[in-house]
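The values are calculated or read from the model by the stated rules, or taken from the named source; none is laboratory data. Keep in mind it's a predicted model, so treat the numbers as computed, not measured. Cβ sites come from the backbone with ideal geometry, for glycine too, and all protein chains shown count toward neighbours. SASA here: full protein model, heavy atoms, side chains in, ligands and nucleic acids out. Shrake-Rupley method; radii C 1.70, N 1.55, O 1.52, S 1.80 Å.
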Amino acid sequence: MTRDLTINQHLKNILTLGLPLIGSHVAQFSINMTDTVMLGWYDVEVLAAQVIAGTVFFVLFILGSGFAFAVMPMVAEAEAAGEGAQVRRVTRMAIWASLLYSVVAVPVMLLAEPILLLAGQTPEVARLAADYLLINGWSIIPALLVMVFKSYLSALERAGVVLWVTLAAVLINVVVNYALIFGNWGFPEMGIEGAAVASLIVNIASMLLLGAYLHWVTPEHEVFSRFWRADWEAFRAVTRLGWPMGLTSLAEVGLFAASSVMMGWLGTLPLAAHGIALQITALTFMVHLGLSNAATVRAGRAVGRRSMGDLRLGAKLVTSLSAGFAALTLVVFLVFPEPLLALFLSPEDPQRDVVIALGVPLLAAAGLFQFADAAQALALGVLRGVQDTKVPMVMAAISYWVIGVPVSYVMGFVLGWGGVGVWAGLAVGLACAGVLLMGRFWGPVMGQTEARIAKMKPAE
């Protein structure tokens, strides 16, 4: 019979896995944030274009990442159950699915300008955003493979290497951005296109580094051996679990993308303020995302070990850690908004004070949804760990799009609250998702998982 872990053992396992994952998410996000900071110092209008272009890229990227997300719970459960062959099958077919998705995603980004014009963006912002995506759009291929590799390594609780590779990527991005955005060290001044080139280089380098690590350090799974051979049973399993994950993430990302589009209707300066506030908020969210990933792996391993006690206690502890950080973030957003916003703008920029003034109430609104955002992220993490994805997808879609987006529009434009109203709508959508998803995990899913474990063979 499997012995349940103690509270101290749980905390040690969560933090040993969660801290490197948080660090890697912060580092990964810092790549995009570096683009935002450097382009903000370069030109505010260019920054607004990058906000829109980055949103388009991330929407397509996060949808395709569902296949990588599926790797984490499936590999965690298989590894805990001693099923090494299943680890290899799942990871390899997730790579296949990601490559096939890229074939569809790249052309969308290459044709971005008319799409952005139809979405109501100004011609200049649409043109600059399209210039960015013509280059960086190709990086979705290595970026999705990096996500598969990271999920595989995280499920094996080898998150340390993920952190170090991502930190190296941040350094590469800063150096190449400095050279190409501003034209330093004899390189041409490329502006937004320089940032796109840097992102492409970073994603290719990350893919090669992690791929080499997989090949040389985890040879027992032979992920790349006979890579060309199809395994349709595993492919169907990955896509069946992965597509709801991708659509769930898309629903949430789409909520924020819709907010960026609505902020663009208010003008270039409100959009720039929104982009900066969103960067700050998203940076803090990386902590909850790292803990959510840790929750996915630990829940998957609890199922693999056939331990309901570990599943319950682990979920409670990781949720408590996330809630504590949300409380700290709320205080920081309310007390230090101006210094945070000022980091993203040149002191010589004549529009700096206006952008900061527009951003301060947005950070206050962001404080409203810290707990809601943490709750929905952690609920999704544990639900994915027990491979429950379809109903959460529906709950997320309703919360974000049936409730969140309309409320943002009504508060922002019908009631005339502007950017603050748009952000208040985000809080409403996230709160609905948090309540529904937490209720599902602690309600019907617990009973379903217990019944599933009772039918499984004992772990090897």
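How much accessible surface does SER139 have with a 1.4 Å probe, in Å² rounded to 10?
0 Å²
Given axes a ≥ b ≥ c from the Cα gyration tensor, I'd like to know whether the stretch 6-159 is rounded (a/c under 1.5), prolate (a/b larger than b/c) or oblate.
Verdict is oblate for the stretch 6-159.
Averaging sequence separations of C-alpha pairs under 8 Å and six or more residues apart, then dividing by the length of the chain, give the relative contact order as a whole percent.
23 percent
Can you grab the distance from the C-alpha centre of the stretch 315-362 to the C-alpha centre of the stretch 28-92, Å, no decimals?
With the stretch 315-362 and the stretch 28-92 each reduced to a Cα centre, they are spaced 23 Å.
Roughly speaking, what is the centre-to-centre gap between the stretch 175-241 and the stretch 385-460 when only Cα atoms are used, to the nearest Å?
First find each Cα centre; the distance between them is then 31 Å.
Given R₀ = 45 Å, FRET efficiency for ALA85-LYS12 by Cβ-Cβ distance, to 0.05?
0.90
So with the 1.4 Å probe, I'd like the accessible area per residue for the chain, rounded to whole Å².
39 Å²
By accessible area of protein heavy atoms, probe 1.4 Å, what ranking do LYS150, LYS455 get, highest first?
LYS455, LYS150
For the stretch 344-460, what relative contact order do you get, as a whole percent, if you take Cα pairs closer than 8 Å and at least 6 residues apart?
Reported relative contact order: 32 percent.
By how many degrees, 0 to 90 and rounded to 10, does the Cα axis of helix 140-155 deviate from the longest principal axis of the chain?
It is inclined by approximately 40 degrees.
If you stretched the chain out fully between ALA454 and ASP231, how much longer would it get, using 0.36 nm times the residue separation minus the C-alpha to C-alpha distance?
Difference between extended and current length: 77.4 nm.
How big is the dipole moment of the chain about its Cα centre under a simple scheme where the beta carbon of each Lys and Arg is +1, that of each Asp and Glu is -1, and everything else is neutral? Debye, nearest 20, please.
The calculation lands at about 1960 debye.
For VAL445, what is the net charge nearby, where nearby means another residue's Cβ is under 14 Å from its Cβ and Lys, Arg count +1, Asp, Glu -1?
Every neighbour counted, the sum reads +3.
What does the accessible area of VAL402 come to, in Å² to the nearest 10, when a probe of 1.4 Å is used?
Its accessible surface works out to 100 Å², give or take rounding.
If I compute solvent accessible area with a 1.4 Å probe over the protein chains, what percent of it on the stretch 22-160 is carbon and sulfur?
The value for the stretch 22-160 is 70 percent carbon and sulfur by accessible area.
Could you give the dipole magnitude of the stretch 65-174 about its Cα centre, charging the beta-carbon of Lys and Arg +1 and that of Asp and Glu -1, in debye to the nearest 20?
With Lys and Arg at +1 and Asp and Glu at -1, about 240 debye.
Would you kindly state how much longer the chain becomes between LEU415 and PHE224 on full extension, computed as 0.36 nm times their sequence separation minus their alpha carbon distance, in nm to one decimal?
That pair, LEU415 and PHE224, stretches by 63.2 nm at full extension.
At 1.4 Å probe size, put ARG92, ARG127 in order of accessible surface, largest to smallest.
Highest to lowest solvent-accessible surface, that is ARG127, ARG92.
Taking just the C-alpha trace of the stretch 332-424, give me its Rg and Dmax in Å.
Rg then Dmax for the stretch 332-424, in Å: 17.1, 52.
Suppose only helical runs count, i.e. DSSP H with n ≥ 4. What mean residue ellipticity at 222 nm does that imply for the chain under -39500 (n - 2.57) per run, divided by all residues and rounded to the nearest 500 deg cm²/dmol?
-27500 deg cm²/dmol
In terms of solvent-accessible area of protein heavy atoms at a 1.4 angstrom probe, what is the ranking of ARG312, ARG305, highest value first?
The ordering from most to least exposed comes out as ARG312, ARG305.
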